[in-house]
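The values are calculated or read from the model by the stated rules, or taken from the named source; none is laboratory data. As the structure is a prediction and not an experimental result, all values here were calculated from the model. Here the Cβ is made from the backbone with ideal geometry for all residues, glycine too, and neighbour counts use every protein chain on show.
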2 protein chains.
Amino acid sequence: MAEQLLLANPTNLRADSARNRSQIVEVARRMVSEDGSLLSMNAIAHAAGVGVGTVYRHFPTIQVLLESLAADSFAKLVVEARQAVLEADASVALERIIRTGFDCQMEDPGLAAVLASPSFECADILDYSAELFSCIGAIITRARQANVLRPDITPDDIRRLLNGLAVAAKDLAPRKRAQYLDVLLLGLRPESTITSRSAA
Amino acid sequence: MAEQLLLANPTNLRADSARNRSQIVEVARRMVSEDGSLLSMNAIAHAAGVGVGTVYRHFPTIQVLLESLAADSFAKLVVEARQAVLEADASVALERIIRTGFDCQMEDPGLAAVLASPSFECADILDYSAELFSCIGAIITRARQANVLRPDITPDDIRRLLNGLAVAAKDLAPRKRAQYLDVLLLGLRPESTITSRSAA
DNA sequence: ACCTGAACACCGTTCAAGT
DNA sequence: ACCTGAACACCGTTCAAGT
């Protein structure tokens, strides 16, 4: 009952198990950063000097592995989202949480992949997601009331649009990325608004 | 020398070859519409009652197969793009070509997949792409001069942003899709503009 | 010319057998 | 408890052998 399934960073592991686990994580992280995207359970096992079954023992599915690799980035995003909620100005809060979501995805493509997945399997990732959505919800409610956001936008819309923007901005220079983010931020403003902003 | 490689709709085929080819296309089209995305060469061959080698003879790679399936949609998009160029008003032309690009991708997810691919393999798809880019280029040049488009946007940006929007809008209701498109259209307008548009 | 399908090197995933 | 790796059912792709 008190057992926690699919925990990304379990504790109380046997010494060799913990060693294997960190080996696997290290190898997988290097593989995704090198190769771009595709990672294979068998290849990971081989590179980590471990049986395939050991990889599956720690990460019963590829989704779990991906979520585990992105857990730290996701936690960081949640921390930043909480700070955005505390922002006094509704418009600033909105821009900040969207900018943060975008930046975090650009820093860690693995996080972008996880945020794009239809559902989560790790318990802590589920928690992070709930927390993030709660922050987004609070901010866009305020933003709507302050008339700095289109009234038809939901937290899920923000998630989807950020995912789409991450796809569009993949492999582009920071300046281009900033332009794309600007396009989204401007487009999210309610209709019939005077937009006059200083160039970056 | 006069031989055309990787043609999507070759002519002058032997009778049985042509029959096989249309069988393969038919099966593949049904598979992508049913299953969503993944299609397997071996599965196609089996479902089409044909050897695997025959599938490879007609479509040397999956990319070629995908491009062949999307060729008609792509041609339609190019026709619409040409009409958008003829639009008198620069702003109307811009909105029209973007809307058309989005709508065509929504109608045929296979076209969206092809438009998202980093490079093309079929000769006619390359032609379509060049033509489409030419249309986009002409329109955004005009749009910039008319001050109805951010000056830093290139044709490739339009392509990327439309791809991203297609990802974001996947599986959503038409009304939501229209909202997302609105967000992009608004966001593409130059800064310091009064935006006052009637609700859809 | 075109077609066939066994064969190859890979996947993800499982599970009896070991320690 | 945990690990191993052969084994299974799949991939994409090739190519000798058939008609």
Tell me the residue from A:ILE139, A:ILE98, A:ILE125, A:ILE153 that is in a helix (DSSP H, G or I) and within 14 Å of another protein chain (Cβ to nearest Cβ), please.
A:ILE98
So, in the stretch A:171-193, of the ones that are within 7 Å of chain B (Cβ to nearest Cβ) and at pLDDT below 95, which residue ends up nearest to the chain's Cα centre (by Cα)?
A:GLU191
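Is it the case that A:THR100 is within 16 Å of DNA strand D (Cβ to nearest atom), farther than 22 Å from A:ASN12 by Cβ and touching a residue at least 12 places away in the same chain (Cβ under 8 Å)? Outline the logic, then answer.
On the way: within 16 Å of DNA strand D (Cβ to nearest atom): no; farther than 22 Å from A:ASN12 by Cβ: yes; touching a residue at least 12 places away in the same chain (Cβ under 8 Å): yes.
No, not satisfied.
Taking the conditions exactly as written (within 16 Å of DNA strand C (Cβ to nearest atom) and either at pLDDT 95 or above or not charged (D, E, K, R) (or both)), does A:PRO60 satisfy them or not? Give the steps one after another, and end with the answer.
Values: within 16 Å of DNA strand C (Cβ to nearest atom): yes; either at pLDDT 95 or above or not charged (D, E, K, R) (or both): yes.
So A:PRO60 passes the test.
If the requirement is being modelled with pLDDT under 95, more than 14 Å from every other protein chain (Cβ to nearest Cβ), within 18 Å of B:GLY110 (Cα to Cα) and within 13 Å of DNA strand D (Cβ to nearest atom), which of these qualifies: B:ASP16, B:ASP35? Let's see the steps before the verdict.
Values: B:ASP16 fails: within 18 Å of B:GLY110 (Cα to Cα).
The match here is B:ASP35.
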Where the second residue is among the charged types (D, E, K, R) and the first is farther than 16 Å from A:LEU77 by Cα and lies in the stretch A:117-145, which pairs have Cβ atoms under 6 Å and are six or more apart or on separate chains?
A:CYS122/A:GLU67
